[in-house]
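Bear in mind these aren't lab numbers, they're just calculated from the coordinates by the rules spelled out. Computed from a predicted model, the values in this text were never measured in an experiment. Virtual Cβ from ideal backbone geometry, glycine too; neighbours counted across all protein chains shown.
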Amino acid sequence: MRTRQETLAELTAPGADYELAQISINGVPCRAFVNAPANLGALYAENVSDETFLVYEDERYTFQEMYNLAAQLASALVDRYGVEKGDRVAISMRNYPEWVVGFTAATSIGAIAVAMNAWWEAEEIEMGLDDCGAKVILADQERIERIKQRPGITAEVIAVRPVSDHPGVEFNKLVAGYPAEMPTVDVAHDDPATIFYTSGSTGFPKGALASHRNILSALLSWELDGASALLMAGTEKPELPYQLATLLGVPLFHATGSHAVYLSCYRSQRKMVSMYKWDADLGADLIEREQIASFVAPAAMTGDLIQAARRSHRDLSTLLTVGGGGAPRAPEQVRDIDESFSTAMPNTGWGMTETNAIGTGIGGQDYLERPDSSGRASAVVDLKIVDEDGNELGTNERGELLIRGVSVIEGYWQRPEANAETFVDGWLRTGDVAYLDDDGFVFIVDRIKDLIIRGGENIGCGEVEAAILEHPEVLEASVYAVPDERMGEEVGATVYAEGSLDESDLRAFLAEHLAKFKIPRYILMRDEPLPRIASGKIYKPGIREQALALFG
């Protein structure tokens, strides 16, 4: 059996489809794909066909039909809204086909597609729009109702599937007035393409600004890993008697949904079956009905699918891979996937919004043998483990994981202070504590950042604390992670308040300021100041330990 190193060397050699060349981006050495599409617009245009591209409930669209709609919208953005190269076009909605149309249109004309978290409440939406300075926002009725609560929002609204009064213009009426001809705009590899918001340890989420090259490199990296796995196994890509298909159960506003599921469909001509919201029994039904081959989701959702598979009599034999991301799986779930599906093998990877979802990957027998590993590094990134002083550590030594490479963003949108903190000599500080074993497998064991990862969704403790402290009766607050079997972690908070404030009152207040998933599930109210260390800082480890003993 050939080694991974041998197969990667063959697949990336001069003249090969995945040839890699050494380049420099802003002084950072990188390995880049020589044969990558010129930009995202080229990716779409080069893969137009009459194959089914997107299925949403009873709607079905081909690659050609979706491209035509995107061309119409792109023409409208240029003609009616004056969108130019570099302008921001925000998208805030469920996983409707119009999300894909909006993303395709914006990135094809050199605009920056801003993937806004659809769970944000009105205040968060306004903050996001103010932060990115979007000219236009495509929003569905749920989001429109929140936008209407904030008269300070100035972005033009394109209403998607409206059911009542709304500002702006309706999507279908807008595109009907324009031809299906994509405007021609000169877009370079390293021009900005997207902003995805990612939570940090403090304050409002930061906008990770990715270029066309960043994103395309991630897509080709996954292709390369797949080709390498086939060569290592000595097999060829299986010929299916039906179209390759994937299930979209995660939000498109996350890099997993947009990159690993949606954008990866173009070159493979893969059908994407989109769900309005996650429902495990419906997911099992769709896998059988649409002959789904792959499903990628956080551990909470893949765990749900395992339970649905066990209690249903659906034929799930077309499912070949069950992928993970966003947060580690418990080793038991890795084995459960192997045992619960007749043909599907588990795989996972580690990546960040800042790396366009790539970094490491592991699957099949490697994963079954190392269920607590996140895999080996992608061929287009470099990894290292460093101590607190930045000194590189050896194998099996724990320290902070750093990454650099062609898929790593240049920085955050208008956040120089965050850039200075996160990027060091071209390396991205991940905030994860990890070690590399003798075979190059990465094991993530802890994190430095004050983050909670709930079902793959990053929640900054500082952001939740700031919202709690907005309440006039709250004097101090400490937010922390509480282990949870299904979601991985839930949000917990210990709060020192005066007056008669109780948990229900505080949650009602937070609902006006935070998305529902950020509101603490566990709240411990105190009538005395929180304990502090000698420096005067709140003693978070002790507070969390005390709370976990009470929450059980």
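Rounded to the nearest 20 debye, the dipole magnitude of the range 451-551 is 360 debye, with +1 charges on Lys and Arg beta carbons, -1 on Asp and Glu beta carbons, and the Cα centre as origin. Loop-resident GluC sites (Glu not before Pro) (DSSP state other than H, G, I, E or B) in the range 144-203 with no more than 13 further Cβ atoms inside 10 Å of their Cβ: Glu181. Amide H to amide H, with H built 1.01 Å from N, Ile153 comes under 5 Å of no residue 5 or more places away or on another chain.
For a quick check of your reading of the filter: which GluC sites (Glu not before Pro) in the range 477-545 sit in a DSSP loop and have no more than 14 other Cβ atoms within 10 Å? Walk me through the intermediate numbers first.
Numbers: sites: Glu485, Glu489, Glu490, Glu498, Glu503, Glu512, Glu545; in loops: Glu485, Glu498, Glu512.
Answer in residue order: Glu485, Glu498, Glu512.
When the range 322-480 is described by a simple charge dipole with +1 on each Lys and Arg Cβ and -1 on each Asp and Glu Cβ, the residue from Ala420, Pro346, Val386 located farthest towards its positive end is Pro346. Using the Karplus relation 6.51 cos²θ - 1.76 cosθ + 1.60 with θ = phi - 60°, the per-residue 3J(HN,Hα) values for the range 220-228 come to 6, 5, 5, 4, 4, 4, x, 5, 4 Hz, with x marking Gly and Pro. Positive-end ranking of Gly462, Leu305, Thr62 along the dipole of the chain, with charges on Cβ about the Cα centre, is headed by Thr62. Expressed as a fraction of 2.2 N^0.38 Å, the C-alpha radius of gyration for the range 451-551 is 1.01.
Using DSSP to define loop residues, name the chymotrypsin sites (Phe, Trp or Tyr not before Pro) in the range 409-494 whose beta-carbon has at most 13 other beta-carbon atoms within 10 Å. Intermediate values should be presented prior to the final figure.
Details: sites: Tyr412, Trp413, Phe423, Trp427, Tyr435, Phe441, Phe443, Tyr480; in loops: Trp413, Phe441.
Of the chymotrypsin sites (Phe, Trp or Tyr not before Pro), not one in the loops of the range 409-494 has a Cβ with at most 13 other Cβ atoms within 10 Å.
3J(HN,Hα) along the range 467-478: 5, 5, 5, 5, 5, x, 8, 8, 9, 8, 8, 9 Hz, from the Karplus curve 6.51 cos²θ - 1.76 cosθ + 1.60 with θ = phi - 60°, whole Hz, x for Gly and Pro. For the range 40-198, the dipole from Cβ point charges (+1 on Lys and Arg, -1 on Asp and Glu) about the Cα centre works out to 280 debye, to the nearest 20.
Dipole check for the chain: with +1 at the C-beta of Lys and Arg, -1 at the C-beta of Asp and Glu, and the Cα centre as origin, the magnitude is about 480 Debye. Only DSSP H runs of four or more residues enter the estimate; each adds -39500 (n - 2.57), and after division by the residues of the chain the mean residue ellipticity at 222 nm equals -9000 deg cm²/dmol. The 3J(HN,Hα) values that the Karplus relation (6.51, -1.76, 1.60; θ = phi - 60°) gives for the range 442-458 are, in residue order, 8, 10, 8, 10, 6, 9, 8, 5, 7, 10, 10, 10, 9, x, x, 9, 6 Hz. Gly and Pro appear as x.
Calculated on the alpha-carbon coordinates, the convex hull of the chain measures out at 162 cubic angstrom per residue. When Rg and Dmax are taken over the Cα atoms of the range 40-198, they come to 14.8, 43 Å. Taking each of Lys271/Lys516; Lys449/Lys516; Lys148/Lys173; Lys173/Lys518; Lys449/Lys537; Lys206/Lys540 in turn, the alpha-carbon distance tops 27 angstrom for Lys271/Lys516; Lys173/Lys518.
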